[in-house]
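S.K.: Following this message is one structure expressed as structure tokens.
The values are calculated or read from the model by the stated rules, or taken from the named source; none is laboratory data. These figures come from a predicted structure and were not determined experimentally. Counting neighbours? That spans all protein chains shown, and the Cβs are built from the backbone with ideal geometry, glycine included. Ligands, DNA and RNA are excluded from the accessible area calculation, which covers all protein heavy atoms including side chains. Shrake-Rupley method; radii C 1.70, N 1.55, O 1.52, S 1.80 Å.
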Amino acid sequence: MESLCILGDSIVNGFIDVEKGGWVSRLRAARFAQHYDLPVYELGIPSETTTSLLLRFDTDIGPRAPDCIIFAIGTNDSKYHPKLLAPETPPMAFEGNLRTLFEKALTICPQVFALGLLGCDETRTVPLPGAMASYYAEHMGEYNAQIELVAAQKGVTFIPMLHLVPANHLHDGLHPDGEGHQLIAERVSKAVFS
């Protein structure tokens, strides 16, 4: 593997991990420590959904020409808006977006991975302070199942994450703290590099 692009949201971006900058930075550092000079591009944007990721996919991936792509997306798609009585991205649109993203990625490189969702601690995410929306464990489970299903249909390797990070390591009930990011980095490293 010569280069790796990781696309997703604020969790990919390393939000909350002030110690080491998130699971992508930890993954990069671990590979470097093992003398692998592997360019790892962290392409996470806070509040990202599959809809907004589709809009930037070609621009972000094209110039980098990776031979491996990892998607860590879907948490914000499952976000529920109580005033609208609907999720951010309806399930059918989410499924279609995933199919398109996976198809685009597979035309660029043979190694494509999709991380499952982490889940949430509803005692702190209903509603999530400052978000004017809520994250429900049931909704996240449904969106997680969609990721797994579409990944299997498209030949993308699914990396399960649901409940990997205990609630006490979800800083605000949604975003992992440093220890949570370490757990993610270890699971991704094992799945991608073993």
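S.K.: Calculate the dipole size of the range 133-190 relative to its Cα centre from +1 charges on Lys and Arg beta carbons and -1 charges on Asp and Glu beta carbons; express the result in debye to the nearest 20.
M.R.: Once rounded to the nearest 20, the dipole reads 280 debye.
S.K.: Using only the alpha-carbon atoms of the range 50-194, report the extent along each of the three principal axes, biggest first, to the nearest angstrom.
M.R.: 40, 34, 27
S.K.: Which order, highest average first, do 156-163, 182-189 follow once you tally other Cβ atoms within 10 Å for each residue and take the mean per peptide?
M.R.: Descending packing order for the listed peptides: 182-189, 156-163.
S.K.: Quick one: of Lys20/Lys104; Lys83/Lys154; Lys79/Lys104, which pairs are farther than 29 Å apart, Cα to Cα?
M.R.: Beyond 29 Å: Lys20/Lys104; Lys83/Lys154.
S.K.: State the answer as a single residue: which of Leu84, Leu183, Ser25 lies farthest towards the positive end of the charge dipole of the chain, with beta carbon charges of +1 for Lys and Arg and -1 for Asp and Glu, about the Cα centre.
M.R.: Checking the options against the dipole of the chain, the answer is Ser25.
S.K.: Per residue, what accessible area does the chain have, given a 1.4 Å probe and all protein chains present, in Å²?
M.R.: Solvent-accessible surface per residue comes out at 47 Å².
S.K.: If you place +1 on the Cβ of every Lys and Arg, -1 on the Cβ of every Asp and Glu, and leave all else neutral, what size is the dipole of the range 1-141 about its Cα centre, to the nearest 20 Debye?
M.R.: In debye, rounded to 20, the range 1-141 gives about 100.
S.K.: Would you work out what percent of the accessible area of the chain, with all protein chains in place, is carbon or sulfur (probe 1.4 Å)?
M.R.: Ligands and nucleic acids excluded, carbon and sulfur give 56 percent.
S.K.: Order the peptides 69-79, 114-124, 10-20 from the highest to the lowest mean number of other Cβ atoms within 10 Å of their residues.
M.R.: 69-79, 114-124, 10-20
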